[in-house]
Every structure is written in structure tokens, then in C-alpha cells.
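Read the structure below first, then the notes.
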Amino acid sequence: MLTLPNFLTLLRIVAIPIFLVLLVSGNYATAYILFLAAAITDTVDGALARLTDSRSELGAFLDPLADKLLLVSSFLVLGINGAIAPWLVVVVISRDVIVVLGYLVLYMVHQKSMAIDPSRLGKVNTFFELFAVGFALMGLARPALPMAIPNLVLQTVTAVTSAASGVHYVYRGLLWHQTQSNQGR
């Protein structure tokens, strides 16, 4: 079902390779503008889906996928070019790998999907990840701006929210596993 929110999410997915080409080729200002547009559509598509009561399973799958594709690719490229600290790249990507692998393990063990509902902490983390990438892009687009100290603080907060939300998702997965195991007895 191609609703307007799903269409905006698809546009965000299509924009990712364009954004990455701009970023790798050094067109930082244009990459920054495209990243901001993608971040705004992330907010708008969710709000539109709720307001128009057009939430769908496709949207529930595509929206977090679009977020992860945009953020993981951004962190990788910005980490490689030094705009984001390598330790933060490791924290962010490790969290996502652990959450996805945990989900797959739970599916294999129970032959049943666990509902993928973003937690508030997960949403806060996504906000900080988007903000950290945007801030790093702004620093590349405008290198004369004094960004070192605020960037370090933002990256540290992003690492903390990433780790905390990862632990929270693992905890939720373990609770779900326990519930499923108890139902099977």
C-alpha cells in the first residue's frame, strides 16, 4: 500500500545513495541539505501516518529500515573521513548489529516474529544519531565554525544513548524470549 507516508519513506531510501555520492565527493553543503531533508521526512512521514490513520505494516518495516540505512552509511563514511570519532562509529554499528542478530536468533528459536516497536529510548537515540551526523556534516560544510567541543559532547551523548537503547532492546528481547518459553511449557 503506497500511502503518502510510505512514499516519503521510499524517497528517503532513494536519497541515501545520492547523499553518499555527495558526501564522498566532498559536496558537503549539498549533502548536508539532503540529509536535513531526509531527517525532516522521517519526522513528517510518522506524523502523517498517525494524523491520517494510514499506518501500515509496510511503513512499520520501511521506516526503521530507512533510518538504519541512512544512519549506518552516514556513520561509516563520516567515520572514515574523520568527521565522527571511530569509537562512536563502533558503538553505533555494534548496537545495531547486536539488536538485529538478537532479533534473528529469537526468530530462529521461536519460529515467530517479535513485534518491532521502537522504544522511547530508541527514538531518543535516533534523534541524537541524526543530530550527530547533521552536526558533523555542518562542520564539514562550514569548517571555520568552532565545533570541536560541542561535537565531542554530542558524540558522547550519542554513544551513551546508543549503548543504553541497545541494552534496553536486548532486555526487551530477553523478556519476550522468557514469555514465549513459558507459553511453550
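The values are calculated or read from the model by the stated rules, or taken from the named source; none is laboratory data. This structure is a prediction, so every number in the text was calculated from the model and none was measured. Glycine also receives a Cβ, built like all others from the backbone with ideal geometry; neighbour counts cover every protein chain displayed.
Brief remarks follow.
- Test result for Asp53, of a type in the set (D, E, K, R) and surrounded by fewer than 15 Cβ atoms within 10 Å (Cβ to Cβ): yes
- Which listed residue, of Leu140, Leu101, Leu76, is more than 14 Å from the chain's Cα centre (by Cα) and farther than 25 Å from Gly59 by Cβ: Leu140
- Whenever a residue of segment 71-83 is buried (at least 16 other Cβ atoms within 10 Å of the Cβ), its partners that are not in a helix (DSSP H, G or I), lying with C-beta atoms within less than 8 angstrom and at least six residues away or across chains, give the pairs Phe75/Ile84; Leu78/Ile84; Gly79/Ala85.
- Residues of segment 100-133 classified as out of contact with any helix residue (DSSP H, G or I) (no Cβ under 6 Å at 6 or more places or on another chain) and more than 30 Å from Thr179 (Cβ to Cβ), total: 1
- Restricting the first member to segment 24-41 and to residues that are closer than 13 Å to Ala136 by Cα, and the second to residues that are surrounded by fewer than 16 Cβ atoms within 10 Å (Cβ to Cβ), the beta-carbon pairs closer than 6 Å and six or more apart or on different chains are Tyr28/Ala141; Ala29/Ala141; Tyr32/Ala141.
- Residue under evaluation Ala144, criteria (1) assigned to a helix (DSSP H, G or I); (2) loosely packed, with under 15 Cβ neighbours inside 10 Å, criterion not met: (1)
Listed here are the residues, each with its yes/no results for (1) over 18 Å from the mean Cα position of the chain (by Cα); (2) within 14 Å of Ser74 (Cβ to Cβ).
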{"site": "Ile16", "(1), (2)": "no, yes"}
{"site": "Val24", "(1), (2)": "yes, yes"}
{"site": "Asn27", "(1), (2)": "yes, no"}
{"site": "Val44", "(1), (2)": "no, no"}
{"site": "Ser54", "(1), (2)": "yes, no"}
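- Subset of segment 1-15 [part of a loop (DSSP other than H, G, I, E, B) and either out of contact with any Ser or Thr (no Cβ under 9 Å at 6 or more places or on another chain) or surrounded by 14 or more Cβ atoms within 10 Å (Cβ to Cβ) (or both)]: Leu2, Thr3
- Taken over segment 79-98, residues that are farther than 16 Å from Tyr169 by Cβ and within 13 Å of the chain's Cα centre (by Cα) amount to 1.
- Residue match in segment 16-32 (condition: of a type in the set (Phe, Trp, Tyr), assigned to a helix (DSSP H, G or I) and either at pLDDT below 90 or on the phi > 0 side of the Ramachandran plot (or both)): no
Each row is one residue, and each column tells you yes or no for (1) closer than 17 Å to Thr156 by Cα; (2) assigned to a helix (DSSP H, G or I); (3) out of contact with any strand residue (DSSP E or B) (no Cβ under 6 Å at 6 or more places or on another chain).
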position: Leu69; (1), (2), (3): no, yes, yes
position: Gly79; (1), (2), (3): yes, yes, yes
position: Val91; (1), (2), (3): yes, yes, yes
position: Val105; (1), (2), (3): no, yes, yes
position: Ile116; (1), (2), (3): no, no, yes
position: Thr126; (1), (2), (3): yes, yes, yes
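- First in segment 169-180 and surrounded by fewer than 15 Cβ atoms within 10 Å (Cβ to Cβ), second anywhere and among the hydrophobic types (A, V, I, L, M, F, W, C), Cβ under 7 Å, 6 or more apart: Val170/Ile98
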